[in-house]
Amino acid sequence: MTYQNFSLAQLQAMDAAHHLHPFTDHKDLRAAGSRIITRASGPYVYDTEGREILDGMAGLWCVNVGYGRDELAEVAYEQMKELPYYNSFFRCSTPTPVLLSQKLAERAPKNVNQVFYGSSGSEANDTALRLVRHYWALEGRPQKNRIISRHWAYHGSTVAGTSLGGMGGMHDQLYGAVPNIAHVMPPYAFELRRPGESDHDFGLRAAQAVEDAILEAGADNVAAFIGEPVMGAGGVKIPPESYWPEIDRICKKHDVLLMLDEVITGYGRTGAWFAAERLGLEPDTITTAKALTSGYQPLSALLVGDRIAKTLVEKGGEFYHGYTYSGHPVACAVALRNIEIIEREGLVERVRDDTGPYFANALNERIAGHGIVGEVRAFGLMGAIEIVADKETRERFPGQGTAAVTLRDHAIEGGLMMRAVGDTMILSPPLIWTRDTIDMACDRIVTALDRAEKDLRKG
Ligand SMILES: *Cc1c(COP(=O)(O)O)cnc(C)c1O
């Protein structure tokens, strides 16, 4: 059965009849009909109508090497023929996760040398939560158990991922979160900085909120702090430069472990293999997924620091945790080749030295001055555009989030896939974008901004 035998209307009808989508209002979706993407090539995706859309989101933050990489398909095919699956339980292993672990240990920060596999970022964060709490129990301090996170953090959608995350709407539907996880203010200067407060001082204040939470619980009761280096799904919130060094200092002072969620920032997006390197951090766990395979296969890798690994190996006995697909041979083969592509094409260096700075500059020069833009931000190839009704007062348009959705729809109409989060537009393009692609994206953003402004000011 191939989709070509069906019309768009037929596909949409079957989609509505049988397919429940993630993060979707199904009544809405059924009224509008889904946009069905059928193929993709390089930086573009194509829908059933054959419309070419520049993918400003790299799928969902993941297709870092772009679409249409035949060698990733070929390596998966070869691996499936040779050994499609075998588990890594019961003292077994297969070659590709072994080679991938070696590779990741080379690329990770110096103190991080072990890998635990899953199939999604959410699963990897479940593993991280269990591992961190188990570490303290093995150290004879089971009460050192609380995790500090931030409001608006995104750590996935399993029960543990949602509990670790700080999304209000998701928590409302949890009906019982994992206990003993506390959330503090995020380092989101655009909305939370006080009048007259410098970015630097705001960063210190946001970090102080973490220390306050540690002191409130008592450091003896706090296992770890978890954070995305740059909050992604929460709206590409880039912390002031003062924030992470202060978090690092606070964690060390109180002997609180540092868990970095690099599911978006890993594998080159920030112009480093991991943002930890760019920020000078030595985390105890690094959660990675998404661009590990550029989305060609589902795979996550929790990178585990020496401190936890040593205790687990020496004092742990059996760790009662794992997934059927931990270390899946096909997914690991694809990840190995994906990393090889990133290395061969120098994509990390390209973001660091060329496209990253060019992207930041383009947003500042061409987008920041627009009448409905309150601020632009960029970090590597992650970008954000704040939509406001009034540039001076930063007052938003009425109807939270509707302005950004209006803009998003115009952007897609004009051939650029972007996402709206609240009143923020976000971008996370494939790392294969060139200066020309960035220019093309900016042209389309400006057009979309003009059209959205016309609509929004009319009302
Ligand atoms: C996407 C994401 C996750 C969850 O990954 P899944 O593969 O969707 O489970 C976790 N953390 C961050 C920072 C993410 O962006």
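Please treat every number below as a calculation from the coordinates, not as lab data. Since this is a predicted model, take the numbers as computed values, not measurements. Here the Cβ is made from the backbone with ideal geometry for all residues, glycine too, and neighbour counts use every protein chain on show.
Observations on the structure shown:
- Net charge in the neighbourhood of N125 (other residues with Cβ under 12 Å of its Cβ; Lys, Arg +1, Asp, Glu -1) is -4.
- Here segment 71-344 is treated with +1 on each Lys and Arg Cβ and -1 on each Asp and Glu Cβ, and its dipole about the Cα centre works out to around 280 debye.
- Phi to ³J(HN,Hα) by Karplus 6.51 cos²θ - 1.76 cosθ + 1.60 over segment 163-168, Hz, x for Gly, Pro: 5, 5, x, x, 8, x
- GluC sites (Glu not before Pro) restricted to DSSP loop in segment 90-178 with at most 14 other C-beta within 10 Å: E139
- For A223, the residues whose modelled amide H falls within less than 5 Å of its own, excluding neighbours fewer than 5 places apart on the same chain, are N145, R146, I147.
- Positive-end ranking of A177, P239, N113 along the dipole of the chain, with charges on Cβ about the Cα centre, is headed by A177.
- Taking amide hydrogens as placed 1.01 Å from N in the peptide plane, the amide H of T48 sits under 5 Å from those of I36, T38, each at least 5 positions away in sequence or on another chain.
- Charge dipole (Cα centre; +1 on Lys/Arg Cβ, -1 on Asp/Glu Cβ; no other charges) of the chain amounts to roughly 580 debye.
- Two-site FRET efficiency, E343 against T393, from Cβ-Cβ distance with R₀ of 41 Å, rounded to 0.05: 0.30
- Placing R0 at 25 angstrom, the Cβ-Cβ distance between E197 and N361 gives a FRET efficiency of 0.40 after rounding to 0.05.
- Overall dimensions of segment 71-344, expressed as equivalent-ellipsoid semi-axes from the Cα gyration tensor (√(5λ), whole Å, largest first), are 31, 21, 17.
- Helical content of the chain, expressed as a calculated mean residue ellipticity at 222 nm, amounts to -12500 deg cm²/dmol (DSSP H runs of 4 or more residues, -39,500 (n - 2.57) each, divided by residue number, nearest 500).
- Tensor-based shape of segment 181-332 (alpha-carbon gyration tensor, a/c under 1.5 rounded, otherwise prolate or oblate): oblate
- Beta bridges by DSSP in segment 71-344, antiparallel share as percent, to the nearest 5: 45 percent
- For D423, the residues whose modelled amide H falls within less than 5 Å of its own, excluding neighbours fewer than 5 places apart on the same chain, are G401.
- Relative to the globular-protein estimate of 2.2 N^0.38 Å, the Cα radius of gyration of segment 1-136 stands at 1.41.
- In loop segments of segment 16-84 as defined by DSSP, the chymotrypsin sites (Phe, Trp or Tyr not before Pro) with at most 10 further C-beta atoms inside 10 Å of their C-beta are F23.
- Table column - 3J(HN,Hα) (Hz), segment 379-391, Karplus curve with 6.51, -1.76, 1.60, x for Gly and Pro: 8, x, 9, 10, x, 9, 10, 8, 9, 10, 7, 9, 4
- Average projection area in nm² (convex hull over Cα atoms of segment 1-52, one quarter of hull surface): 4.4 nm²
- Against the empirical curve 2.2 N^0.38 Å, the C-alpha radius of gyration of segment 407-459 lands at a ratio of 1.17.
- Which of G369, L302, G56, positive extreme of dipole for the chain (C-beta unit charges): L302
- Here R130 and D439 are evaluated by their C-beta separation; at R0 = 35 Å the FRET efficiency comes out at 0.15.
- Cβ-based net charge around G59, under 15 Å, with every Lys or Arg adding one and every Asp or Glu removing one: +4
- Taking Lys and Arg as +1 and Asp and Glu as -1, the other residues whose beta-carbon sits under 9 Å from that of L260 total -4.
- Rounded to the nearest whole Hz, the Karplus-based 3J(HN,Hα) values (6.51 cos²θ - 1.76 cosθ + 1.60, θ = phi - 60°) of segment 183-191 follow the sequence 10, 10, 5, x, x, 10, 4, 4, 9, with x at glycine and proline.
- Selection of GluC sites (Glu not before Pro), segment 388-456, meeting DSSP coil and at most 11 other Cβ within 10 Å: E392, E395
- Over all directions, the projected convex hull of the C-alpha atoms in segment 333-427 averages 7.5 nm² in area.
- Within segment 29-53, backbone nitrogen closer than 13 Å to the virtual label 7 Å beyond the Cα of A73 toward Cβ: 39-42
- Two numbers describe the Cα atoms of the chain: Rg and Dmax, which are 22.2, 67 Å.
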